[in-house]
Amino acid sequence: MKKIANGQHIIQLFERFSPKHYALEGDKIGLQIGTLNKPVRKIMVALDVLEEVVDEAINQKVDLIIAHHPPIFHPLKHIRTDDPAGRIIEKCIKHEIAVYAAHTNLDVAPGGVSDLLADRLQLVNQKILVPTYQDPLKKLAVFVPKDYEGDVREALGKAGAGFIGNYSYCTFSSAGIGTFLPLENANPFIGDTGKLEMVEEVKIETIFPQSIQKKVIQAMLKAHPYEEVAYDIYSLENEGKQLGLGKIGELEKEMTLKEFAEHVKKALEVEKVRVVGDLQATIKKVAVLGGDGNKYIYQAKMRGADVYVTGDVYYHTAHDAMMLGLHVVDPGHNIEKVMKEGVAEKLTKLCAEENLEVEIIPSRVHTDPFKFL
């Protein structure tokens with residue numbers, strides 16, 4: 001039987017793949033309106049929280065909006081219900097709709113905005129464009145009775161431990177003898193109170209990123225048969241997984257800049273794009289960064305990009321790109337709308353794994369303020 005979801009549980013699942021510590025310093029993320037301490041039966045994923053989006057949520061009987069762009073980005077001096085910003089807050093509160101924002105943390109998260117855009121453009125050999133975060137690695141060593149070695153190793157792998165490059169479930173085991181003496185109030189799985197016990201045990205060692213430490217330890221403890229589990233956690237000097245803004249990759253086949261601009265329009269579902277550069281130039285290596293990517297044109301050039309796909313390109317930034325010999329395709333800020341379907345699919349899968357009775361839908365309101373005539 002499916003369980004009714006609580007708002008806090010939903011956000012815990014969401015933050016498994018887009019935790020707050022991925023966000024750039026000072027970013028306005030997290031719960032912005034309402035409360036998560038309530039049942040949540042329907043969630044809407046939105047790019048922007050405009051009044052039309054809130055009206056859509058009301059009509060759809062939504063309990064929680066997960067948005068990419070924070071509706072409250074600058075400090076509010078007042079909340080007036082006769083202006084648009086105030087009406088948004090008023091409607092959300094009246095209809096008990098909570099609003100949670102995931103901005104730059106969702107940009108850099110695996111499977112987030114940057115990955116979704118690069119995948120839409122069909123880039124291969126993808127790498128981070130602008131590194132912003134590195135998840136430190138740790139090592140777990142746990143002592144397990146020999147007959148339960150497989151159970152604990154399986155639990156650790158399922159929890160995400162043991163990933164090294166393109167390999168998973170990486171562990172090392174060494175055999176030995178464990179000793180313990182159960183005291184008066186103990187309830188030993190093996191042995192008797194007051195008697196020294198010697199048991200054939202296996203020491204399992206594996207690594208994991210620090211961000212999933214709690215999940216890994218919980219999985220290990222659940223699979224382990226002992227009342228008191230002996231384990232060690234070590235910090236490592238090894239470099240962890242790097243995350244960051246944007247992606248750089250390659251097209252499978254070269255295109256002219258003109259052909260690539262048409263490819264961008266089709267892949268990202270936009271009517272028009274602005275283009276900087278020679279339309280007959282050859283394009284192979286592509287950098288892409290959702291939203292406003294003006295300050296990263298130099299990183300794109302240094303990484304060897306032939307073209308940089310980003311939004312909100314300024315006049316003088318376009319001149320700088322021309323002088324650098326970097327082509328630019330600007331499909332607008334609104335291309336980040338790819339997150340609506342992407343997040344809805346990912347969160348739906350996580351909720352299904354938890355057997356939660358919740359429906360997750362992408363917003364259908366078009367929030368791009370620009371029209372091309």
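With viscosity set to 0.890 mPa s and temperature to 25 °C, compute the Stokes-Einstein D of region 256-373, Rh being the Kirkwood radius across alpha carbon pairs; µm²/s, no decimals.
My calculation gives 156 µm²/s for D.
Which cross-chain or sequence-distant (5 or more) residues have an amide H under 5 Å from the amide H of Val40, H modelled 1.01 Å from N in plane?
Excluding prolines and chain starts, which carry no amide H, the hits are Ala5, Asn6, Gly7.
With the other protein chains left in place, how much accessible area per residue, in square angstrom, belongs to region 223-322 at a 1.4 angstrom probe?
Roughly 56 Å² per residue, with all protein chains present.
Taking a 1.4 Å probe, which of His333, His21 shows the most accessible area, and what order do the others take after it?
His21, His333
Out of the DSSP beta bridges found with both residues in the chain, what percent are antiparallel (nearest 5)?
Percentage antiparallel, nearest 5: 70.
Please give the charge dipole size of region 9-100, origin at the Cα centre, charges +1 on K and R Cβ atoms and -1 on D and E Cβ atoms. Round to the nearest 20 debye.
Using Cβ point charges on Lys, Arg, Asp and Glu, region 9-100 gives about 340 debye.
Compute the Cα gyration tensor for region 269-333, then decide on rounded, prolate or oblate, letting a ≥ b ≥ c be the square roots of its eigenvalues: rounded whenever a/c is under 1.5, prolate when a/b is larger than b/c in the other cases, and oblate in all that remain.
It is rounded, given that a/c, with a ≥ b ≥ c, falls under 1.5.
³J(HN,Hα) across region 225-234 via Karplus (A = 6.51, B = -1.76, C = 1.60, θ = phi - 60°), whole Hz, x for Gly/Pro?
For region 225-234, the Karplus-derived couplings read x, 6, 5, 10, 9, 8, 8, 10, 10, 10 Hz, x marking Gly and Pro.
For region 49-192, take the convex hull of the Cα atoms, compute a quarter of its surface area, and give me that in nm², please.
Spelled out: convex hull of the Cα atoms, projected over all directions, averaged, 17.2 nm².
Could you put Met1, Met322 in order of accessible surface area, largest first, with the 1.4 Å probe and the full protein assembly present?
Most to least solvent-accessible, the answer reads Met1, Met322.
Need one number: nm distance between label points at Glu345 and Lys77, each 7 Å from Cα along Cα→Cβ, rounded to one decimal.
4.5 nm
Who wins for biggest fluctuation among Glu227, Glu154, Glu90 in a Gaussian network model of the chain, springs between alpha carbons below 10 Å?
Comparing Glu227, Glu154, Glu90 in the GNM, the peak value goes to Glu227.
Just from the alpha-carbon atoms, what are the Rg and Dmax of region 207-289 in angstroms?
Cα only, region 207-289: 23.6, 70 Å (Rg, Dmax).
Taking θ = phi - 60°, what integer Hz values does the Karplus form 6.51 cos²θ - 1.76 cosθ + 1.60 yield along region 341-347, in sequence order, with x for Gly and Pro?
Coupling constants for region 341-347: 5, x, 5, 4, 5, 5, 6 Hz.
Whose amide H sits under 5 Å from the amide H of Leu31, counting only residues 5 or more places off or on another chain, with H placed in the peptide plane?
Result for Leu31 returns Ala101.
Return the calculated 222 nm mean residue ellipticity for the chain, to the nearest 500 deg cm²/dmol, obtained by summing -39500 (n - 2.57) across DSSP H runs with n ≥ 4 and dividing by the residue count.
-8500 deg cm²/dmol
To make sure I understand the rule: partners must be lysines, Cα under 18 Å from the Cα of Lys20, and not fewer than 8 residues away in the same chain. Which ones qualify?
Output for Lys20: Lys28, Lys214, Lys215, Lys241, Lys346.
Explain nothing, just compute: Karplus ³J(HN,Hα) = 6.51 cos²θ - 1.76 cosθ + 1.60, θ = phi - 60°, for every residue of region 59-74 in order, whole Hz, x for Gly and Pro.
With the stated coefficients, region 59-74 comes to 5, 8, 6, 7, 9, 8, 9, 9, 10, 7, 8, x, x, 10, 9, 9 Hz.
Per residue, how many Å² of accessible area does region 85-174 show with a 1.4 Å probe?
On a per-residue basis, region 85-174 sits at 46 Å².
For Lys272, what accessible surface area do you get with a 1.4 Å probe? Give it in Å², rounded to 10.
100 Å²
What percent of all Cα-Cα pairs in region 252-300 falls into each 10 Å bin, going from 0 up to the bin containing the maximum distance?
Distribution as computed: 21, 55, 24 percent.
Could you pull out every residue, at least 5 positions away or on a different chain, whose amide H is within less than 5 Å of the one on Phe180? Hs are placed 1.01 Å off N in the peptide plane, and Pro or chain starts have none.
Under 5 Å from the amide H of Phe180: Glu197.
With all protein chains present, how much of the accessible area of region 253-369 (probe radius 1.4 Å) comes from carbon and sulfur, to the nearest whole percent?
Using a 1.4 Å probe with all protein chains present, region 253-369 comes out at 52 percent carbon and sulfur.
When the dipole is taken about the Cα centre of the chain, and only Lys, Arg (+1) and Asp, Glu (-1) are charged at their Cβ, what size is it in debye, to the nearest 20?
Computed about the Cα centre, the dipole is about 660 debye.
What is the chain by shape, rounded, prolate or oblate, if you read a ≥ b ≥ c off the alpha carbon gyration tensor as root eigenvalues and call it rounded for a/c under 1.5, prolate for a/b larger than b/c, and oblate otherwise?
Oblate, because a/c is 1.5 or more while a/b does not exceed b/c.
Roughly how many Å² of His366 are accessible to a 1.4 Å probe, to the nearest 10?
130 Å²
The values are calculated or read from the model by the stated rules, or taken from the named source; none is laboratory data. All of these numbers come straight from a predicted model, not from anything done at the bench. Glycine gets a Cβ as well: all are built from the backbone with ideal geometry, and neighbour counts include every protein chain shown. Note: accessible area is taken over every heavy atom of the protein model, side chains too, but ligands, DNA and RNA are not part of it. Shrake-Rupley method; radii C 1.70, N 1.55, O 1.52, S 1.80 Å.
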